[in-house]
1. Below 8 Å, C-alpha to C-alpha, sequence gap of six or more: please give me the relative contact order for the chain in percent.
2. Under 19 Å from the Cα of K205, which aspartates and glutamates turn up, not counting those fewer than eight places away in the same chain?
3. Just want the ordering: E319, E109, E196, from fewest to most Cβ atoms lying within 10 Å of their own Cβ.
4. Mind pulling the angle between the C-alpha long axis of helix 157-167 and the longest principal axis of the chain? Nearest 10 degrees, somewhere in 0 to 90.
5. For the residues Y153, Y19, what sequence is obtained by ranking on other C-beta atoms within 10 Å, fewest first?
6. Karplus couplings for the range 137-146 from phi (6.51 cos²θ - 1.76 cosθ + 1.60, θ = phi - 60°), rounded to Hz, Gly and Pro as x?
7. Restricting to Cα pairs below 8 Å that are 6+ residues apart, what does the relative contact order work out to for the range 213-305? Please round to a whole percent.
8. Go through 157-166, 42-51 and give me the packing order, highest mean Cβ count within 10 Å leading.
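FYI, it's all coordinate maths here, none of it is from the lab. This is a predicted model, so every value here is computed, not measured. Using ideal geometry, Cβ is built from the backbone for each residue, glycine included, and neighbour counts are taken over all protein chains shown.
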Amino acid sequence: MDFDKIISDLKNKVYHPVYFLMGEESYFIDEISNYIEKHVLDDSEKEFNQSVLYGGETTIFQVISEAKSYPMMSNYRVVIVKEAQNMKDLSPRHSSKEEGAEEKKHPLEMYMENPQKTTILVFCHKYKTVDMRTAFAKTLSKRAVVLKSDTLYDYKVPKWIEGFVASKNYLIEPHASALLTEFLGNDLSKVANELEKLFINIPSKTKITPDHIQKFIGISKEYNNFELNDAIGKKDTLRANRIIQYFSSTPKDNPLVVTIASLAGYFSKVLVYHSLADKSQNNVASALKVPPFFVKDYTLAAKNYSFPKVANIISILREYDMRSKGFESAAVAEGELLKELLYKIMH
């Protein structure tokens, strides 16, 4: 079941006996478990009917014992197992069995066959998934609500930000969401935390702009890799030089290796643009994995940099990536390398 469906059901008080939340992206796991922890029971019910256990400190038998208990003066009992990935006896590995021998069922499998219907049992299994080849995992899929929380690809983060902001009754400009993505990456918990700080300072229904991002989150709206890519793509030499001067003066905050990686990603998209037969907005957005709003920027960049020039730029970026790491040349200050790199790209 996906995240939105699980949250929607919970808000409508549609509860299931067992939730198994697993995967690399911890944000969705935390959101679901926190909602259950805060909203299923009221404060007067929680003292006797809500248990929060930790995987490194408990066993599956203790968890099941808690789950089998009946609620006291409440319709439900809630048992949440945090850091369930640390439970040594939770997820059995796939193993072969002797011919004719019957595979022993995992204790949680047996519980799920006849779960306590007044208990909501939640496992928070972060940063990895269980082995889906096991009988245990197959039973999970059939008898529990399973969330597989995958890491979000970078190109999907701006769209996620738009949805998150809308859920809080705000709007956001595409440049602002792109700026957040460029600076914070795909760590959704970090992005959400920064946005929550921003919401405190601006009224609801506000459209969030790069100015808001700079003022309340502290990300420069002018001096960042997103703006450098934009300036280079538009052949705005003055702005590009101003940005790299800033980068040179703050190398710890703007490491060259990150800037080169950002430029490589940008010009790889320009190269893809050149190769497209269908250059309609929707097709370009889909092929480049960017919001349609930014297609015009890549169209302009492709006019300013021919296919051979872009291919050459990517080769130059590889060279300077090696040089920034101390290969192929004597040590040179990052600021000087960046100036050389910018000149070779734009000339």
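1. Once normalised by length, the contact order is 15 percent.
2. Candidates past the 8-residue exclusion: E162, E173, E194, E196.
3. E196, E319, E109
4. Helix 157-167 and the main axis of the chain meet at about 60 degrees.
5. Least crowded to most crowded, the residues run Y153, Y19.
6. Residue by residue, the range 137-146 yields 5, 5, 5, 3, 4, 7, 10, 10, 7, 10 Hz.
7. 28 percent
8. 157-166, 42-51
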